[in-house]
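A.B. asks: Sharing a structure here in structure tokens format.
The values are calculated or read from the model by the stated rules, or taken from the named source; none is laboratory data. Computed from a predicted model, the values in this text were never measured in an experiment. All Cβ positions, even for glycine, are placed from backbone atoms using ideal geometry, and neighbour counts span all protein chains on display. Side chains included, ligands, DNA and RNA excluded: accessible areas come from the protein's heavy atoms. Shrake-Rupley method; radii C 1.70, N 1.55, O 1.52, S 1.80 Å.
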Amino acid sequence: MPKRLDQARPFLTLGLVVAAWLIIPTVFKTFTRASFFELTAPVGVAASYARDLQEYWTLRLHSNSELIEAGRDLARLNASYDLAVQQNIEMQGEIARLEGILRLPSYTGYHSEHARVVRRDFSGWWQRLTIRKGKNYNLTVGAPVVFSGGVVGRVSEVFAYTATVDLISSQTVRLAAVVEGDTRPISYQGGLNPTFGSAGGVIEFVPLDIFASANSAKRLVTSGLGGVFPPGLTIGSVIKVEPSTDGLFKSGEVKLDDRLAALTEVTVLLPLETP
Amino acid sequence: MLRFVLILLSTVLLWAVTAQLNHALAPWRLYVFVGALAVTLPALTFTLRTGLFASFIGGLLYDAVAPVTFGTHAFLFALTHVVVFNLRERLPRDDTLSRVVIALFANLGLFLVFSFTQVARSPAPASLWPRLFADLACSQILLALIAPWCFAIQARALALTDYEAKRFA
């Protein structure tokens, strides 16, 4: 074989591999992808169980008096939550009564599925979590994921016993939001993730009469449009708005909750099936 | 076939270690990528077909856990493999230091090319680059630190198959 052709042989082989890959049916690729994911899933799940065990043994080191104090604090919290639950039931009854009178369509109901975080995958390219529940708990693609501070993201893929969640700080997540106290929808997209800093996102199509700055930040919440996220969930704080180039709207920046980067447990909201 | 399986297992181990490290680094918004370690030794020591297959399948493993088109990492790993394979006769490749240097350059290329494929999706691409450069710096430092360990594991695993054991072990 001539020397020149011999040097090109690796590239010709690569070309053949790529050509073969391109003509492989999508079904086969999807199956292969799921197989490879399931192959690696036990690694992450085992590590997360090991972390849970480590945390358990760390907690076992607490003294009895510390546990008694924690129990007392928890009892107080439970009492206040009990009161909030009662108020919530009363308000839901009121909403149902008003919906009946005004003949309004009712809000989608959700049930919560709590899940432990297996793996955090926060690169500059994407921001994802893997959680320890999947098809075995009937999770669905697109389901909203929340925590005590607001929105975490949405389920992007569901596997046998794990699922992946795209975080709201990820550039792949875009959703309709409103500034608290306003009803006009604006577009939110994640994607600002500086090293050692807080994660953030950008907002577009902000009405011109909305003002915010780092000193007077405004709360950004879900709008409920699109039907994925229930309305009123916290996304983050609008810390900057400035007129966009077209002059018709403003665009700005949103600072997200710092706790998003250290989540160990999240809640997946699954729509209740209508009878 | 056994050599291929052993290299694939070492890639799984490498992925698992970096995944756990990235999990721990997440609160600081740091990320490390050392995919070139899955490519370098096969490219420097294997025959073209076996090495290319190992790199390609290793890339598919990375693709399965990433939100990218299935085959992106596989193609980039295979391309890196071919480039290193083509240059290997002109490179010193028997000592660990040379292999580490080759892995550093391969990782640099992989990271930058992969970044260019992903950066277009960002709403603010300019603000993404400082983060990517910080991640790249961390990745290169980590790679330089763990590459000898990784090569040793791969070489010891290959020694099990008696594949030029004396040379690599």
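A.B. asks: Looking only at Cα atoms, what is the convex hull volume of region A:145-187 per residue, in Å³?
C.D. replies: Once divided by residue count, the hull of region A:145-187 is 84 Å³.
A.B. asks: Given the C-alpha centroids of region A:228-254 and region B:116-132, what is the distance between them in whole angstrom?
C.D. replies: 20 Å
A.B. asks: With a 1.4 Å probe, what is the total accessible area buried between chains B and A, in Å² rounded to the nearest 100? List each step's numbers first, then the result.
C.D. replies: Values: alone 8970 and 18040 Å², together 22490 Å².
Separately minus together, B and A give about 4500 Å² buried.
A.B. asks: Just tell me how shielded A:40-48 is by partners: mean number of partner chain Cβ atoms within 10 Å of each residue's Cβ, no decimals. Don't skip to the end; give the middle numbers.
C.D. replies: Numbers: counts 8, 2, 1, 7, 5, 0, 1, 4, 2.
Taking all residues of A:40-48 together, the mean is 3.
A.B. asks: Please give the average number of partner chain Cβ atoms lying within 10 Å of the Cβ of each residue in B:127-138, rounded to a whole number. Walk me through the numbers before you get to the answer.
C.D. replies: Numbers: counts 8, 7, 1, 3, 9, 4, 2, 4, 4, 1, 1, 1.
Per residue, the average neighbour count from other chains is 4.
A.B. asks: Still on this structure, please answer the following. Rounded to whole Å, give me the distance from the Cα center of region A:39-110 to that of region A:191-218.
C.D. replies: For region A:39-110 versus region A:191-218, the Cα centre distance is 29 Å.
A.B. asks: Within a Cβ distance under 14 Å of A:Ser170, other residues only, what is the Lys/Arg minus Asp/Glu net charge? Don't jump to the answer; show the numbers that get you there.
C.D. replies: Values: positive: A:Arg120, A:Arg128, A:Arg154, A:Arg174, B:Arg29, B:Arg121, B:Arg131; negative: A:Asp121, A:Glu157, A:Asp166.
In short, +4.
A.B. asks: I would also like to ask the following. Cut-off 10 angstrom, C-alpha nodes, Gaussian network model of chain B. Which of B:Thr72, B:Thr47, B:Thr96 fluctuates the most?
C.D. replies: Taking springs between Cα atoms under 10 Å, the residue moving most is B:Thr47.
A.B. asks: Could you state the principal axis extents of the C-alpha atoms in region A:3-60, from the largest down, to the nearest angstrom?
C.D. replies: 68, 32, 9
A.B. asks: Beyond 23 Å, what share of the Cα-Cα pairs of chain B is found? Please give it as a whole percent.
C.D. replies: Details: 5067 of 14196 pairs.
Of all Cα-Cα distances in chain B, 36 percent exceed 23 Å.
A.B. asks: Test of understanding: in a Gaussian network model of chain B with alpha carbons linked when under 10 Å, which of B:Leu128, B:Leu61, B:Leu14 would top the mean-square fluctuation ranking?
C.D. replies: It is B:Leu128.
A.B. asks: With a 1.4 Å probe and all protein chains left in place, how much of the accessible area of region A:189-239 comes from carbon and sulfur atoms, in whole percent? List each step's numbers first, then the result.
C.D. replies: Numbers: 1360 of 2210 Å².
That fraction is 61 percent.
A.B. asks: Rounded to the nearest 0.05, what FRET efficiency do B:Asn86 and B:Ala144 have when you use their Cβ-Cβ distance and R0 = 25 Å?
C.D. replies: Efficiency for this residue pair is about 0.55.
A.B. asks: Place a point 7 Å from Cα of B:Leu48 in the direction of its Cβ. Which residues in region B:81-117 have their backbone N less than 17 Å from it?
C.D. replies: B:81-90, by backbone N distance to the label point.
A.B. asks: While we're looking at this one, here's another question. Can you grab the distance from the C-alpha centre of region B:51-104 to the C-alpha centre of region A:141-190, Å, no decimals?
C.D. replies: After rounding, the separation between the Cα centres reads 35 Å.
A.B. asks: In addition: List the residue ranges in chain A for DSSP H helices whose C-alpha atoms run 18 angstrom or more along the long axis and whose Kyte-Doolittle average is 0.5 or above.
C.D. replies: Values: long enough: A:3-23 (31 Å, 0.79); A:26-60 (50 Å, 0.06); A:64-102 (55 Å, -0.18).
The qualifying helices are A:3-23.
A.B. asks: Can you list the residues, at least 5 places off or on another chain, whose amide H is less than 5 Å from the amide H of A:Phe159, using H built in the peptide plane?
C.D. replies: Those qualifying (amide H under 5 Å, at least 5 residues apart or on another chain) are A:Lys135, A:Thr164.
A.B. asks: Next question, about the same structure. Taking Cα atoms of region A:174-257, Rg/Rh with Kirkwood Rh, to two decimals? Before the final figure, lay out the partial values.
C.D. replies: Numbers: Rg = 12.0 Å, Rh = 12.7 Å.
With Rh from the inverse mean 1/r over Cα pairs, Rg/Rh is 0.95.
A.B. asks: If you project the alpha carbons of the protein assembly as shown onto the principal axes, what extent comes out on each, in Å, largest first?
C.D. replies: 86, 63, 46
A.B. asks: Ignoring ligands and nucleic acids, what accessible area does A:His62 show with a 1.4 Å probe (Å², nearest 10)?
C.D. replies: 80 Å²
A.B. asks: Here's something else I'd like to know. In the neighborhood of B:Leu44, defined by Cβ-to-Cβ distances under 10 Å, what is the net charge if each Lys or Arg adds +1 and each Asp or Glu adds -1?
C.D. replies: Values: positive: B:Arg88, B:Arg93, B:Arg99; negative: B:Asp94.
Once all neighbours under 10 Å are counted, the net charge is +2.
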